[in-house]
Amino acid sequence: MNKEIVVSGIRSTGKLHLGNYYGAVKNFVQMQNDFNCFFFIADLHSLTTHPTPGDLHGHVKHVLVEYLAAGIDPENTTIYVQSDVPEVAELYLYLNMNAYMGELERSTSFKDKVRANPDNVNAGLLTYPVLMAADILMHKAIKVPVGKDQEQHLEMARTFGNRFNRLYNADYFPEPYAFSFTENLVKVPGLDGKGKMGKSEGESNAVYLSDSPEVIRKKVSRAVTDGGPTSEFQEKPEAIQNLFDLMKIVSTPDTLEHFNDLYNKMAIRYGDFKKQLAEDMILATAPIRDRIQEISADDAYLRQVAKHGALKARESAQKTIREVRELIGIKSF
Ligand code: AMP
């Protein structure tokens, strides 16, 4: 039986944090036995914001090591580096021909990036969703395990695929949808009291899979809180709700309920609450952290995984590019 195709990737801009893990990688691990999975390391995407040559390979290595440490099995899935598959750049070019400026400019992530980096509003940032669509459509994926922040990009991937199909009068690209095993797509909040956990939101906002227990304790102890609840059963302000949301992800339901009750009774002590949260984060990441050290030291293994993955990914990509060229009408003499 043909298994449904799954594609997802993570930008190689540094180490993976809990947002990447719970939003994406944990689903990768859970999906690998039941689907035909392609998981890549988005080093081309990283160039939109992280163009320093000296950092590039190290960042790719971090993501590859952490994929493997999290439990992705390269025998069962196709793990590859985006730039090892040049066909991606070709499909990106074709899709760019029918992606409109207006729709790209309206993308929330583009607007966020412009706000964060007003001095480097490059065309790669604008067409980021087109490159992402090329990654996904390349293997004709149906399911794309991603966090909540990527929902709009998936909608754009469907738009570009459908537009291509209409333009060339072919039922070629299937529609890809964002996927999560949880009821809703995951949004992991950060420790700074506002918004999501992310690499660009500052070092202390994110907890990385490779952070030592001491670092995790320190980061969580410094997380933003307030003076405490002033009435029973009051609505939690964002910074506090974020910490409870993190606890919901890493702790047991009983622990969550215990601290929720204390909050509602105005008896919560944030010091105890944060201590528990930090210990549960340490527990949740411990097995991955240990494997990161081990795998990172084995360059021969990493080389072999990347090479094997690139071969498999290119086989699928070359087939798509052959068919796409034919649909577009590109022929060689
Ligand atoms: P990025 O680091 O932007 O390349 O994101 C890689 C993957 O991690 C995507 O699937 C994102 O949706 C997911 N991700 C990143 N940050 C978060 C977060 N704070 N909560 C949930 N998912 C996240």
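Listed peptides 171-178, 146-153, 134-141 appear in the order 134-141, 146-153, 171-178 once ranked by packing, highest mean of other Cβ atoms within 10 Å at the front. Charged neighbours of E315, selected by a Cβ distance under 12 Å, balance to +3 (K, R count +1; D, E count -1).
Please give the length that would be gained between E4 and E326 if that part of the chain were fully extended, namely 0.36 nm times their separation in residues minus their C-alpha to C-alpha distance (nm, one decimal).
Taking E4 through E326 to full extension adds about 113.4 nm, to one decimal.
A straight line joining the Cα centroids of segment 190-238 and segment 27-79 runs 26 Å. Restricted to Cα atoms, the chain shows a radius of gyration and a Dmax of 21.2, 79 angstrom.
Taking amide hydrogens as placed 1.01 Å from N in the peptide plane, the amide H of Y177 sits under 5 Å from those of K143, V144, each at least 5 positions away in sequence or on another chain.
Put simply, the amide H of M266, placed in the peptide plane, has neighbours under 5 Å in F233, leaving out anything fewer than 5 places away on its chain. For the pair A170 and Q234 in one chain, pulling the backbone fully straight at 0.36 nm per residue adds 17.5 nm over the alpha carbon distance. Can you tell me how segment 191-232 classifies by the Cα gyration tensor, rounded, prolate or oblate, using a/c under 1.5 as the rounded cut? In terms of gyration-tensor shape, oblate. Loop-located GluC sites (Glu not before Pro) in segment 60-91 (DSSP state other than H, G, I, E, B) with a sparse environment of at most 15 neighbouring Cβ atoms within 10 Å: E75. Applied to segment 82-87, the Karplus parametrisation 6.51 cos²θ - 1.76 cosθ + 1.60 on θ = phi - 60° returns per-residue 3J(HN,Hα) values of 3, 6, 7, 10, x, 4 Hz, with x for Gly and Pro.
Here the 3J(HN,Hα) profile of segment 125-137, calculated from phi with Karplus coefficients 6.51, -1.76 and 1.60 at θ = phi - 60°, is 5, 4, 9, 3, x, 6, 4, 5, 5, 4, 4, 6, 5 Hz, Gly and Pro shown as x.
Here the spin labels are modelled as points 7 Å beyond Cα on the Cα-Cβ line, and at R269 and F333 they lie 8.4 nm apart. Given N residues in segment 116-261, what is its alpha carbon radius of gyration divided by 2.2 N^0.38 Å? Taking N as the residue count of segment 116-261, the ratio is 1.37. Taking only alpha carbon atoms, segment 1-112 gives an Rg to Rh ratio of 0.99, where Rh is the Kirkwood radius.
Angle of helix 238-250 to the longest C-alpha principal axis of the chain, folded into 0 to 90 degrees and rounded to 10: 70°.
Over segment 88-188, what per residue volume does the convex hull of the Cα atoms give, in whole Å³?
102
If the segment from D299 to N162 were pulled out straight at 0.36 nm per residue, it would be longer than the present Cα-Cα gap by 45.2 nm. Compactness of segment 203-333 was expressed as the Cα radius of gyration divided by 2.2 N^0.38 Å, which yields 1.70. With semi-axes defined as the square roots of five times the eigenvalues of the C-alpha gyration tensor, the equivalent ellipsoid of segment 141-200 measures 31, 12, 7 Å, largest first.
Read-outs throughout are calculated quantities, based only on the coordinates presented, and are distinct from any laboratory measurement. What you see is a predicted model, and the numbers here were worked out from it, not measured in a lab. Note that each Cβ is placed from the backbone with ideal geometry, even for glycine, and that neighbours are counted across all protein chains shown.
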